[in-house]
Amino acid sequence: MSLPSPSPLQTAAKALCDTLSQSPPPSLPAILQHFAETATAHEHGLPQLTPFLGRELPIPDYFTILADSLSFRNMQFKEYIVDEASGKVFVRGTGRFIWTATGEAWDECFVYLLDFIKDAGGMWKVGRYQVWADSGAAYLARIGRLKRVQDGEEELV
């Protein structure tokens with residue numbers, strides 16, 4: 001018995017995730033090809049913690065801020081849950097993230113919610129990109145305290 005072929009939404013989500021997980025990181029134009037022209041990103045969290053959290057940003061701005069703040073290694077995407085009726089795909093990923101200014105790193109599991117729309121050519125493009133990730137680790141890495149907390153040298157109470 002053969003497995004069913006992936007849906008067009010899953011194929012589009014996987015193509016985006018394959019691009020995002022490239023090493024070295026992909027160029028902004030390579031990323032933007034997966035998004036609608038008016039697409040926005042929202043990474044959930046307090047906006048006071050990092051420059052990319054808690055704001056609805058145009059996709060080019062979000063990925064530029066992200067690239068200025070973080071690098072990553074070993075990004076992998078393990079699960080895709082497709083809701084054809086609503087045009088949404090949930091994706092679970094893992095990776096190692098490094099705050100570039102401090103060099104502090106952490107491993108995390110994160111989730112994307114990709115809202116797809118069809119462009120003028122009938123291709124599925126992401127219209128809204130939402131991220132849930134470890135904003136606490138990102139903040140501690142940004143202020144240079146993550147390693148001390150990870151090593152048990154500092155306790156957050």
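What follows draws every value from the coordinates through simple rules; no lab data is involved. Here the structure is a predicted model, which means the values were calculated and not measured. Please note: Cβ atoms are built from the backbone with ideal geometry, for glycine as well, and neighbour counts cover all protein chains shown.
Taking the highest mean first, how do the peptides 65-76, 136-147 order by number of other beta carbon atoms within 10 angstrom per residue?
Ranking the peptides 65-76, 136-147 by packing returns 136-147, 65-76.
Around F116, what is the net charge, scoring Lys/Arg as +1 and Asp/Glu as -1 over all other residues with Cβ under 12 Å from its Cβ?
Counting the neighbours of F116, the net charge comes to 0.
Quick one: how many lysine pairs does the chain have with C-alpha atoms less than 19 Å apart and a gap of 8 or more or different chains? Give me the count, please.
So the count works out to 7.
Taking Cα pairs under 8 Å and at least six residues apart, what relative contact order does region 64-140 come out at, in percent?
Over region 64-140, the number comes to 23 percent.
Using the Karplus equation 6.51 cos²θ - 1.76 cosθ + 1.60 (θ = phi - 60°), what ³J(HN,Hα) coupling, rounded to whole Hz, does each residue of region 88-97 give in order, writing x for Gly and Pro?
10, 10, 9, 10, 10, x, 9, x, 10, 10
Hey, if you put +1 on the Cβ of every Lys and Arg and -1 on every Asp and Glu Cβ in the chain, which of S135, L32, T50 ends up farthest toward the positive end of that dipole?
It is L32, whose Cα lies furthest towards the positive end.
Can you compute the charge dipole magnitude of the chain about its Cα centre, using +1 on each Lys and Arg Cβ and -1 on each Asp and Glu Cβ, nothing else charged? Give it in debye, rounded to the nearest 20.
Dipole size: approximately 240 debye.
Pick the calculated Cα extents along the principal axes in Å for this structure from [x] 60, 37, 28; [y] 52, 39, 29; [z] 45, 32, 26?
[y]
How far, in nm, would the chain grow between L28 and F72 when pulled straight, counting 0.36 nm per residue and subtracting the alpha carbon separation?
The span from L28 to F72 would gain 14.3 nm if fully extended.
Quick one: what are the phi-derived ³J(HN,Hα) couplings along region 50-58, Karplus 6.51/-1.76/1.60 with θ = phi - 60°, whole Hz, x for glycine and proline?
Along region 50-58, the couplings run 8, x, 10, 8, x, 10, 8, 10, x Hz.
Under 8 Å for C-alpha pairs, at least 6 residues apart: give me the relative contact order for region 8-150, rounded to a whole percent.
Relative CO of region 8-150 lands at 24 percent.
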